[in-house]
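Written below as structure tokens is the structure these notes are about.
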Amino acid sequence: MGKIFNQRNIIILLILFALVFPLIYADNRYVLHVMTIGFIFTISVYGMNILAGYTGQLSLAHAGFFAIGAYSVGILTTQGGLNFWLALLLAVLITCATGFVLGLIALRTKTHFFAIYTLIVGYLIYLLIDKWDGLTGGIRGLIGIPIPDPIGPITFESATSMYYLVLFFLLLAIFVAVRIVHSLTGRTYIAIRNSEDLAQTLGINTTMNKLVSFVISVAFAGLAGGLYAALTRFIGPDVASTHMVFNFLMYLIVGGIGTLSGPLVGTMLFIWFEQFLKSYQEYHMLIFGPILVFMVIFFPSGITGGFYKLKMKFQSAKNQKNVRHIKSIPVKSTKE
Amino acid sequence: MAFIQLKGITKKFGGLTAVDNVDFEIEQGKITAIIGPNGAGKSTFFNLINGFHKPTSGTILFEGKDITNTPVHIGARLGIARTFQTTHLFEQATVIDNVIVGHRLRTKSKLYDAIFRTRREKQEEQIAYQKALEVLDFVGLTHMAKAPVSTIPQEAKKRVAIALALATDPKVMFLDEPAAGINPDETEGLSQLMKKLAASGITICTIEHKMQMIMGLADKIMVLNHGAKIAEGTPTEIKNNPIVIEAYLGGGDPVAEVNRHHSEVRGV
Amino acid sequence: MDLFLQQFFNGLTLGSVYTLVAIGLTLVFGILHIPNFAHGALYLIGGYVTLMVMKGTGAHYFVAIFASIIVVALLGILMERLVFNPLRNSPPIHDKIAAIGLVLFFEALVQLVWGTEYLRMFSPFDNNISVAGVLMTSQRILVIVVAFVVVVLLTLFLKKTMMGASIIAMAQNREGAFLVGINANAVAMMTFAISGALAAIAASLAAPINLVFPSMGHLVILKAFVVVIIGGMGSIPGAIVAGLILGMTESMGATYISNDYKDMIAFLLLVVIMTIRPKGLFAKGVH
Ligand SMILES: Nc1ncnc2c1ncn2[C@@H]1O[C@H](COP(=O)(O)OP(=O)(O)O)[C@@H](O)[C@H]1O
Ligand SMILES: [Mg+2]
């Protein structure tokens, strides 16, 4: 029981910290901005985690969907003159619809083929944005995306208000992710990740479930993209680049794929790490690349997964007398 | 009407005929065993009934209904459960967490229910949890419910796999070499479990290499060789069947020969 | 007609490069079941090493290519030993992620060491010659000829040597090959070495035409994946046919449809193919 309270306390503390954070850095727009961007990426990484971490399907088109969300908001508000909120809603719907169609096709392929197929679909989205000048502004990008329209007395002109707006969506995203993972639906996804053959024999419609999981995953990406457009107010084809998806993946792996806190831990860690190394921007990957490789080989379940395992080990050592055949839990093959 | 009826089932993989024109019936409530050397097509036979493979020709009827082209998950909902030669369990999760999802097919909660944690979701989670406790009790694993699968012995894993199949509320259960890789004492325990399953009204169809076990257990045995059915009958009939004896090394002891083959293990 | 012939030769050149890269990729896939996303890094390093050896030592183009082959083959072996071998029993997501980590690392490394500029590689084959009434640089002919010779030599190696036979055996049946007593580690290293060597050759041949720059591996590797899937993962003849088809399609597409959209043609081709045949065009129907 004490453990549960402990965990709950940590969560409450974190939320409190997130809430008062802007008060501490009230006069530091830069810090708030970085934090807000970090939250946006975190939302996207949560989406990736549901599909790759829980359902076991590595989609490398994730940045493409992030871009679809971002460009939908950008185009609808600048060229369509739509209200931001309506544009954001439409952006998520457009992303989901695209995800549904692409998922339907992509999920017919499996494992390596799925990864390659989605990598190429992601690249096609990038090329499309890059070449479709008339709609997307091509290589020049899309400028002058308006800030979110005020809701009654609440305006979104300050960095602080954008921070809270994004925080709201982040908490919502985490809430949804937690609810899904701890539900029968989440159990279904984990069963598919563990073994598609076994899941099918248990009466699970794997095709349908993977598709739904795919659509949820891209919905997160689309939402994050839409918020990103409103925050930065300028977007270019780079948001769809493979580097973007590789970044998301890196945040997820280092934080802990298939864990609920992994996306938050990984993304925030890297966002600040990147700021810290800002003057060496081009060379980030000299460190991050090997970290990624190192993590996958030695800590495949990331920081939070590794922490969790240590805790399990510690607990099972305590309860040794209850279970007879305790062995140390193998670190590999967490996600089969 | 036969419970499960197979008519002229053939499965070819490229040039290889893995199952060759087999006619067979499985009777309700009985224990049926399928034997044959490695590569005889036993697992493929299961994969055909279960829906993993579509037969090249032939039809399969389940309670009179044609299920030849039914997808695997629909078959499961109709009441066809199975286990695999290798267990496929989620090793890092606890036994009970592995088993709960077994009842998923009898629940209706959707994504919406998950996000809003509706009454239906809560109720069905409870039902699935109770079901898991019930089937773990049935297979005698209540005391291991909270242990991670990676920490339990091989024999217990086989029982977890059976519990998982049982959680789907099946009418028939196909067991692919449930006793492979476990010791004689445990084999006896597994025999008891199969009898208990049959007594509870579930039809059992098992692939087995351990002949002593099968002889005391099965109501009916089918012998496959190179994909073809070479004999079927009661254990006594099979033991004395000249064709079976012939097939197993020209007059050698069928029991010894089958055991010789039981080491290699192949997946689906 | 001249334009068509011109594009035909260009397609052949392009296709030759794709084929060389794709054969390396497909060999590694066939044997280790890894879609090596890091293959682009081998290509990249291959291009730079050749260029730097030429610049640094004034060595002849061919000598530099030879040095590059050695370096990149060794790099391939290192990758296999340090990264993919430890991951061979991991879930399928992991090796892909590790490969991505490698790409990111090598691109950054190249930028650190050699900068971000687009560099020219001067090949001794820069004179124009006329073939069948079409004027083209002899470099393009060199690409086609070398690719042809390399493929022939590779085929001979795979067919006629013990090591080659082991590679084929392992590609066809991994477990079976173990039973027959093939040294799986040696075969894996050899495969990575060949794969690296082919990437180095391809990059060095293409560089005088396409320049040398840190992201030169991106498009090539994506297209090599297209080739591998169309040709069937693990199939060398498939890679050759599909490589040439892709080179032709692109070259013709650029001329007769739109130069802007030529890259898209390749990827759309793949999307269409995988939509119809989820396991690729020439995949066998087993799993
Ligand atoms: N998916 C498949 N693709 C190709 N061949 C297969 C496949 N599954 C089984 N086989 C082949 O069919 C034959 C029968 O295999 P199987 O049914 O597993 O035999 P058993 O279970 O009796 O040992 C074997 O030769 C095997 O290699
Ligand atoms: Mg079998």
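Points worth noting:
- Residue that is nearest to B:I96 (Cα to Cα) [pool: residues in the range B:135-158 that are open to solvent by 10 Å² or more (accessible area, probe 1.4 Å) and within 16 Å of the chain's Cα centre (by Cα)]: B:K157
- Of all residues making up the range B:79-112, the number that are among the hydroxyl-bearing types (S, T, Y) and in contact with a strand residue (DSSP E or B) (Cβ under 7 Å, 6 or more places away or on another chain): 2
- Search result, residues across the range A:80-93 that are more than 14 Å from A:F214 (Cα to Cα) and part of a helix (DSSP H, G or I): A:F84, A:W85, A:L86, A:A87, A:L88, A:L89, A:L90, A:A91
- Every residue from the range A:54-79 that is among the small types (G, A, S), assigned to a helix (DSSP H, G or I) and open to solvent by less than 10 Å² (accessible area, probe 1.4 Å): A:A63, A:G64, A:A67, A:G69, A:A70, A:G74
- The number of residues in the range B:25-38 being more than 21 Å from B:Q192 (Cα to Cα), within 15 Å of ligand 1 (Cβ to nearest atom) and touching a Leu at 6+ places or on another chain (Cβ under 9 Å) comes to 2.
- Here B:A18 qualifies as closer than 24 Å to A:Q200 by Cα and within 16 Å of ligand 2 (Cβ to nearest atom).
- Residue under evaluation C:W114, criteria (1) under 19 Å from the mean Cα position of the chain (by Cα); (2) closer than 19 Å to C:V49 by Cα; (3) open to solvent by 40 Å² or more (accessible area, probe 1.4 Å); (4) aromatic (F, W, Y), criterion not met: (1)
- Residue match in the range C:208-218 (condition: away from ligand 1 (no atom under 16 Å from the Cβ), over 24 Å from C:L5 (Cβ atoms), in contact with a strand residue (DSSP E or B) (Cβ under 8 Å, 6 or more places away or on another chain) and open to solvent by 40 Å² or more (accessible area, probe 1.4 Å)): yes
- Residue within the range A:45-53 that is open to solvent by 10 Å² or more (accessible area, probe 1.4 Å) and within 18 Å of A:T267 (Cα to Cα) present: no
- Output for the range C:221-237, where each listed residue is within 11 Å of chain A (Cβ to nearest Cβ) and not in a helix (DSSP H, G or I): C:M233
- Here B:A161 passes the criteria (1) closer than 20 Å to B:G36 by Cβ; (2) crowded, with 18+ Cβ neighbours inside 10 Å except the one numbered (1).
- Of all residue pairs spaced 6 or more apart or on separate chains, those with beta-carbon atoms under 7 Å, a first member in the range C:16-31 that is touching a residue at least 24 places away in the same chain (Cβ under 8 Å) and a second member that is of a type in the set (K, R) are C:Y18/C:K223.
- Scanning the range B:174-186 for residues that are within 13 Å of ligand 1 (Cβ to nearest atom), part of a loop (DSSP other than H, G, I, E, B) and either buried (at least 20 other Cβ atoms within 10 Å of the Cβ) or assigned by TED's automatic domain parsing to the domain that holds B:K157 (or both) gives a single hit, B:E177.
- Filtered by the rule that a residue be open to solvent by 20 Å² or more (accessible area, probe 1.4 Å) and among the β-branched types (V, I, T), the range B:164-173 gives no residues.
- Flag: B:V149 matches the condition of being modelled with pLDDT under 95, outside the structural domain of B:L193 (by TED's automatic domain parsing) and farther than 22 Å from A:V176 by Cα.
- Only one of B:N47, B:N38 that is touching a residue at least 60 places away in the same chain (Cβ under 8 Å), in the same structural domain as B:S191 (by TED's automatic domain parsing), more than 20 Å from B:I204 (Cα to Cα) and within 16 Å of ligand 2 (Cβ to nearest atom): B:N38
- Out of B:T151, B:T86, sole residue that is within 16 Å of ligand 2 (Cβ to nearest atom) and either touching a residue at least 40 places away in the same chain (Cβ under 8 Å) or out of contact with any helix residue (DSSP H, G or I) (no Cβ under 7 Å at 6 or more places or on another chain) (or both): B:T86
- Hey, A:F84 under 22 Å from A:G255 (Cα atoms) and away from chain C (no Cβ under 14 Å) or not: no
- Restricting the first member to the range B:169-186 and to residues that are on the phi > 0 side of the Ramachandran plot, and the second to residues that are among the aliphatic types (A, V, I, L, M) and within 13 Å of ligand 1 (Cβ to nearest atom), the beta-carbon pairs closer than 8 Å and six or more apart or on different chains are B:E177/B:I207; B:E177/B:V265; B:G181/B:V265.
- Members of the range B:166-185 found to be away from ligand 2 (no atom under 12 Å from the Cβ), within 14 Å of chain A (Cβ to nearest Cβ) and charged (D, E, K, R), listed by number: B:D169, B:K171
- Scanning the range B:99-109 for residues that are surrounded by 15 or more Cβ atoms within 10 Å (Cβ to Cβ) and either within 21 Å of B:T142 (Cα to Cα) or more than 7 Å from every other protein chain (Cβ to nearest Cβ) (or both) yields a total of 7.
- Counting the residues of the range A:238-273 that are of a type outside the set (G, A, S) and away from chain C (no Cβ under 13 Å) gives 12.
- Any hit, the range B:70-86, residues being more than 8 Å from chain A (Cβ to nearest Cβ), buried (at least 18 other Cβ atoms within 10 Å of the Cβ), over 19 Å from B:L197 (Cβ atoms) and not acidic (D, E): yes
- Helices (runs of 4 or more DSSP H) within the range B:187-251 that include 1 or more residues among the aliphatic types (A, V, I, L, M), away from ligand 2 (no atom under 16 Å from the Cβ) and surrounded by fewer than 22 Cβ atoms within 10 Å (Cβ to Cβ): B:211-217, B:242-247
- Residue within the range B:39-46 that is in contact with a helix residue (DSSP H, G or I) (Cβ under 6 Å, 6 or more places away or on another chain) and within 16 Å of ligand 1 (Cβ to nearest atom) present: no
- Filter result for A:L124 (open to solvent by 30 Å² or more (accessible area, probe 1.4 Å), at pLDDT below 95, within 14 Å of another protein chain (Cβ to nearest Cβ) and under 30 Å from C:P278 (Cα atoms)): no
The values are calculated or read from the model by the stated rules, or taken from the named source; none is laboratory data. In this text the structure is predicted, and so the values were computed from the model without any measurement. Don't worry about glycine lacking a Cβ; one is built from the backbone with ideal geometry, like all the others, and counts go over all protein chains shown. Just the protein is used for accessible areas: all its heavy atoms, side chains included, with ligands, DNA and RNA removed. Shrake-Rupley method; radii C 1.70, N 1.55, O 1.52, S 1.80 Å.
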